[in-house]
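Asker: Take this structure first; my questions come after.
The values are calculated or read from the model by the stated rules, or taken from the named source; none is laboratory data. None of these values were measured; they are calculated from a predicted model. Note: ideal-geometry Cβ built from the backbone for every residue, glycine included; neighbour counts use all protein chains shown.
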Amino acid sequence: MSTQAPAGRSDEGRVSRTGVRGFSPSLLRDARSRAKLTLETLSIRSGVGAAVIGHWETGRSVPSPKLLTVVADALNLRLADLTVIKPGDVRLADLRARAGRSQADVAEHLGVSRATASALDRGYAPLHEDAALHLAAFYDVTVDELHAAWQRSRNAR
């Protein structure tokens with residue numbers, strides 16, 4: 001399944017062009033069912049439209065990191081609980097998504113352009129130690145986890 005799909009509107013009103021890699025519609029549907037919530041109730045709790053969540057659950061679209069984080073929070077879950085990526089396959093963009101961050105957030109945090117943040121996500125830009133320290137804290141992971149994810153991103157290109 002491609003992760004390139006419309007994912008609803010971001011908090012800034014723009015449509016996200018990329019969704020969360022490894023997102024599982026069935027994990028979301030099952031989590032909502034276990035919580036005994038209707039689409040409408042989850043929509044009210046999260047502030048994300050019921051139709052949008054319904055599209056995610058049926059696989060018609062893939063959520064953005066920010067919106068999926070909001071829905072995961074409403075279900076008392078982590079974003080990672082709604083994805084199927086083996087720990088050894090996690091890339092830098094996956095860590096960013098799990099932290100509910102956008103490339104724009106990373107660019108602002110590091111004081112770089114969005115293009116540089118994108119290149120870093122994909123392993124095209126070098127990961128300098130100062131950036132690694134900042135990103136590890138920003139993503140709430142260890143520096144070693146961050147380096148390993150960046151290397152997997154680099155290897156995947």
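Asker: Could you give every pair whose Cβ atoms fall below 7 Å, whose first residue belongs to region 11-34 and is on the phi > 0 side of the Ramachandran plot and surrounded by 11 or more Cβ atoms within 10 Å (Cβ to Cβ), and whose second residue is among the aliphatic types (A, V, I, L, M) and at pLDDT 90 or above, counting only separations of at least 6 or pairs across chains?
Answerer: GLY22/VAL84; GLY22/ILE85
Asker: Now, a different point. Can SER43 be described as of a type in the set (Gly, Ala, Ser), more than 30 Å from HIS128 (Cβ to Cβ) and outside the structural domain of ASP140 (by TED's automatic domain parsing)?
Answerer: yes
Asker: Go over the candidates SER2, SER26 one by one and state the one that is farther than 21 Å from ASP140 by Cα, out of contact with any Lys or Arg (no Cβ under 9 Å at 6 or more places or on another chain) and either in a loop (DSSP other than H, G, I, E, B) or modelled with pLDDT under 90 (or both).
Answerer: SER2
Asker: Something else: When residues of region 115-125 are filtered for being in contact with a helix residue (DSSP H, G or I) (Cβ under 6 Å, 6 or more places away or on another chain) and part of a helix (DSSP H, G or I), how many remain?
Answerer: Of the residues in region 115-125, 3 are in contact with a helix residue (DSSP H, G or I) (Cβ under 6 Å, 6 or more places away or on another chain) and part of a helix (DSSP H, G or I).
Asker: Filter region 98-128 for residues that are free of Cβ contacts under 8 Å to residues at least 60 places away in the same chain and polar (S, T, N, Q); which is surrounded by the most Cβ atoms within 10 Å (Cβ to Cβ)?
Answerer: GLN103
Asker: Is one or more of the residues making up region 40-50 assigned to a loop (DSSP other than H, G, I, E, B), of a type outside the set (S, T, N, Q) and free of Cβ contacts under 8 Å to residues at least 40 places away in the same chain? Talk me through it step by step, then tell me what you get.
Answerer: Taking region 40-50 and keeping what is assigned to a loop (DSSP other than H, G, I, E, B), we get 47-49.
Filter once more, keeping what is of a type outside the set (S, T, N, Q): 47-49.
Okay, now just the ones that are also free of Cβ contacts under 8 Å to residues at least 40 places away in the same chain, so 47.
For region 40-50, residues assigned to a loop (DSSP other than H, G, I, E, B), of a type outside the set (S, T, N, Q) and free of Cβ contacts under 8 Å to residues at least 40 places away in the same chain: present.
Asker: A follow-up question, please. Scan region 47-58 for residues that are surrounded by 15 or more Cβ atoms within 10 Å (Cβ to Cβ) and farther than 16 Å from LEU37 by Cβ and report the count.
Answerer: Counting residues in region 47-58 that are surrounded by 15 or more Cβ atoms within 10 Å (Cβ to Cβ) and farther than 16 Å from LEU37 by Cβ gives 1.
Asker: While we're here: Here are some residues: ALA149, ALA131. Which one is closer than 20 Å to THR18 by Cα, surrounded by 17 or more Cβ atoms within 10 Å (Cβ to Cβ), of a type in the set (Gly, Ala, Ser) and not assigned by TED's automatic domain parsing to the domain that holds PRO63?
Answerer: When all the criteria are applied, what remains is ALA149.
Asker: Continuing with this model, one more query. Can you name the residue in region 77-97 that is in contact (Cβ under 8 Å) with a residue 24 or more places away in the chain and assigned to a loop (DSSP other than H, G, I, E, B) and, of all such residues, is surrounded by the fewest Cβ atoms within 10 Å (Cβ to Cβ)?
Answerer: Top of the filtered list is VAL84.
Asker: Determine whether GLY59 is in contact with a helix residue (DSSP H, G or I) (Cβ under 6 Å, 6 or more places away or on another chain), in a loop (DSSP other than H, G, I, E, B), touching a residue at least 12 places away in the same chain (Cβ under 8 Å) and assigned by TED's automatic domain parsing to the domain that holds HIS134.
Answerer: Working: in contact with a helix residue (DSSP H, G or I) (Cβ under 6 Å, 6 or more places away or on another chain): yes; in a loop (DSSP other than H, G, I, E, B): yes; touching a residue at least 12 places away in the same chain (Cβ under 8 Å): yes; assigned by TED's automatic domain parsing to the domain that holds HIS134: no.
No.
Asker: What is the one condition in (1) surrounded by fewer than 18 Cβ atoms within 10 Å (Cβ to Cβ); (2) not assigned by TED's automatic domain parsing to the domain that holds VAL143 that LEU67 does not satisfy?
Answerer: Condition (1) is where LEU67 drops out.
Asker: Out of (1) of a type in the set (A, V, I, L, M, F, W, C); (2) more than 30 Å from ARG45 (Cα to Cα); (3) assigned to a helix (DSSP H, G or I), the odd one out for VAL112 is which?
Answerer: All conditions pass for VAL112, except number (3).
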